[in-house]
1. If Phe74 satisfies all but one of (1) assigned to a strand (DSSP E or B); (2) of a type in the set (A, V, I, L, M, F, W, C); (3) over 17 Å from Val145 (Cβ atoms), what's the number of the condition it fails?
2. Please verify whether Leu20 is touching a Lys or Arg at 6+ places or on another chain (Cβ under 7 Å), within 15 Å of Gly142 (Cβ to Cβ) and surrounded by 13 or more Cβ atoms within 10 Å (Cβ to Cβ), treating the condition exactly as stated.
3. Consider segment 118-154. How many of its residues are within 19 Å of Leu35 (Cβ to Cβ) and in a strand (DSSP E or B)?
4. Identify the single condition in (1) more than 14 Å from the chain's Cα centre (by Cα); (2) part of a loop (DSSP other than H, G, I, E, B) that Asn109 does not satisfy, given that it satisfies every other one.
5. Those residues that are within 14 Å of the chain's Cα centre (by Cα) and either modelled with pLDDT under 80 or closer than 14 Å to Val135 by Cα (or both), I need them from segment 22-63; list them, please.
6. Looking at Gly87, Gly153, which is the one that is under 19 Å from Ala17 (Cα atoms), at pLDDT below 95 and over 15 Å from the mean Cα position of the chain (by Cα)?
7. Restricting the search to segment 77-103, which residues are of a type in the set (A, V, I, L, M, F, W, C), within 15 Å of Arg29 (Cα to Cα) and part of a loop (DSSP other than H, G, I, E, B)?
8. If we scan segment 64-76, do we find a residue that is surrounded by fewer than 20 Cβ atoms within 10 Å (Cβ to Cβ) and free of Cβ contacts under 8 Å to residues at least 24 places away in the same chain?
Amino acid sequence: NPRARLRVEIDGVDVGALVLELFASDAPRTCENFLRLCEGRDRSTRADSNAALDYVGSVFHRIIPGFMAQGGDFERGDGTGGESVFGPTFADESFSRRHDARGALAMANSGRHTNASQFYVTFAPAPRLDGKHVVFGRVTSGFHVLDALERVGS
């Protein structure tokens, strides 16, 4: 399985990296989208923009202790923006993976088949999200970074 790294800063201080294993066999397009956004090698497909599509400098705009940290809105930084490397959105893939542990990586969306760039990492199991959000990876190291995010909150 491919891996991705997300460096995290809190108040301008580098607290380390989340190392993420991606479940490419279960959610190949979701994983490709995430990896390409981590690498920043794509440009917007919107007619009114030629902005880079990447997570560099983006924020975790929603952090709920005991639940999750959500990020990936590189467009506005407040949860109202984002874009996939395939166009505005792309379809859900497999719901076979569950939100069954701390460190589950999943796509944030606004309903069925509305995945773009926003994602979240769980602080605890969240079974109520199963079947609604595609889990496509998990934290394999950097749990101290997850701890630091949870302590900060939104």
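The values are calculated or read from the model by the stated rules, or taken from the named source; none is laboratory data. What you see is a predicted model, and the numbers here were worked out from it, not measured in a lab. Backbone-built Cβ (ideal geometry, glycine too); neighbour counts: all protein chains shown.
1. (1)
2. Numbers: touching a Lys or Arg at 6+ places or on another chain (Cβ under 7 Å): yes; within 15 Å of Gly142 (Cβ to Cβ): yes; surrounded by 13 or more Cβ atoms within 10 Å (Cβ to Cβ): yes.
Yes; evaluated as a whole, the condition is true for this residue.
3. Within segment 118-154, residues that are within 19 Å of Leu35 (Cβ to Cβ) and in a strand (DSSP E or B) number 10.
4. Asn109 satisfies all of (1) more than 14 Å from the chain's Cα centre (by Cα); (2) part of a loop (DSSP other than H, G, I, E, B) except (1).
5. If the condition is that a residue be within 14 Å of the chain's Cα centre (by Cα) and either modelled with pLDDT under 80 or closer than 14 Å to Val135 by Cα (or both), then Leu22, Phe23, Ala27, Arg29, Thr30, Cys31, Glu32, Asn33, Phe34 are the ones that fit.
6. Numbers: Gly87 fails: under 19 Å from Ala17 (Cα atoms).
When all the criteria are applied, what remains is Gly153.
7. Residues satisfying the conditions are Val85, Phe86, Ala91, Phe95.
8. yes
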